[in-house]
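The structure appears below as structure tokens.
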């Protein structure tokens, strides 16, 4: 049978430290029930579980001291039970840190206690205890085996709790997080060291655990005694609703209601935009003829061009529904390397919206205009802010635009 013959000093050191911690944490908790009632209720609930964790540690080391000179498996049974209960308390703290505060219909602030799955957290220590009582005295290796199982339960609980504290909202230094995770990794092997054949290993293990306990204490003491806990719980309250709203807003801003066309290689080299629906049939025919000159110039350079006016001309000047046109244009614009705006005169047109979309998508752009001042103020600003991304080409007629593009399109496409 395993003999618990290690020195009592490490356990006494742990007991003294834990007792001191219980005195300190009973006096420091920052709450603001008037200004932040929901966050204060959540912080208070976490504080209660945090105190229970240290009471659990105190009980564990009292039991360990009482069984230092004992033999047999009975002492291990109760040590493992205390350790398993301790692990369940860490998981309870994790659940408190993970769920929102709730407000009852009466206007009272509910604590997180209802969010903790107590049946599960009680069932695991109870089942391990029953199993160890049932077979612990029959197999010589059973005590260490159950100690390892208890350590695994404790390690999972500790790592889960630390992972929640690692939240960017809490913003712990990575070195501190690493130390606390190391404490969790130590848990599964405690059965080999505590009560094993090498007493000095037990001393090193338990004293190391005491130092890491102090690191954990310092972190949570800072968390509770400053405004960190209140800020965390205030931020967490309503987080899922805010996240859903932000996700919806992002999808809408990126026009993700229509699945984007994604290609490893762009489907089009150039997306060419020109006024259409805002023009009279005669005006559209004239602009379309000019645009086809530019399209022909680009295609002679072996560039694949998307110009929605071609489909309009094919349909005898009949335009698609606005929603269909928008979806098609967004998909084609995403799949193009370069955006070219043909804007021969100041007219209210959807091409200005397309120019804005191209800029937001980070597409290289070329604006073909008779005068820079014809562009809306913000599009002029886009060209001034980032001249490598947005180029303005001024010209008197389409032949001049085509000539300038033909001479410079190689350089423009290399930068796109």
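The values are calculated or read from the model by the stated rules, or taken from the named source; none is laboratory data. Predicted, not measured: the structure shown is a model, and the values here were computed from it. Every residue, glycine among them, receives a Cβ derived from its backbone with ideal geometry; neighbour counts consider all protein chains shown.
Against the definition (touching a helix residue (DSSP H, G or I) at 6+ places or on another chain (Cβ under 6 Å) and at pLDDT 85 or above), how does residue 59 come out, yes or no?
Answer is yes for this residue.
Report yes if some residue within the range 6-24 is at pLDDT 80 or above, under 21 Å from residue 149 (Cα atoms), touching a helix residue (DSSP H, G or I) at 6+ places or on another chain (Cβ under 9 Å) and assigned by TED's automatic domain parsing to the domain that holds residue 230; otherwise report no. No, the range 6-24 has no match at all.
Taking the range 361-379 as the search range and keeping residues that are in contact (Cβ under 8 Å) with a residue 12 or more places away in the chain and assigned to a helix (DSSP H, G or I), which one is surrounded by the fewest Cβ atoms within 10 Å (Cβ to Cβ)? Across the range 361-379, the extreme among qualifying residues is 378. Of all residues in the range 333-341, at least one satisfies being in a helix (DSSP H, G or I), in the same structural domain as residue 396 (by TED's automatic domain parsing) and at pLDDT 85 or above. On the basis of being within 17 Å of residue 224 (Cβ to Cβ) and touching a helix residue (DSSP H, G or I) at 6+ places or on another chain (Cβ under 9 Å), does residue 31 make the cut? So residue 31 fits the description; yes.
Matching residues to (1) in a helix (DSSP H, G or I); (2) modelled with pLDDT of 90 or more; (3) within 40 Å of the chain's Cα centre (by Cα); (4) at positive phi:
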residue	(1), (2), (3), (4)
382	yes, no, yes, no
393	no, yes, no, no
399	yes, no, no, no
402	yes, no, no, no
407	yes, no, no, no
410	yes, no, no, no
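Residues in the range 30-48 that are surrounded by 17 or more Cβ atoms within 10 Å (Cβ to Cβ) and not in a helix (DSSP H, G or I): 2 in all.
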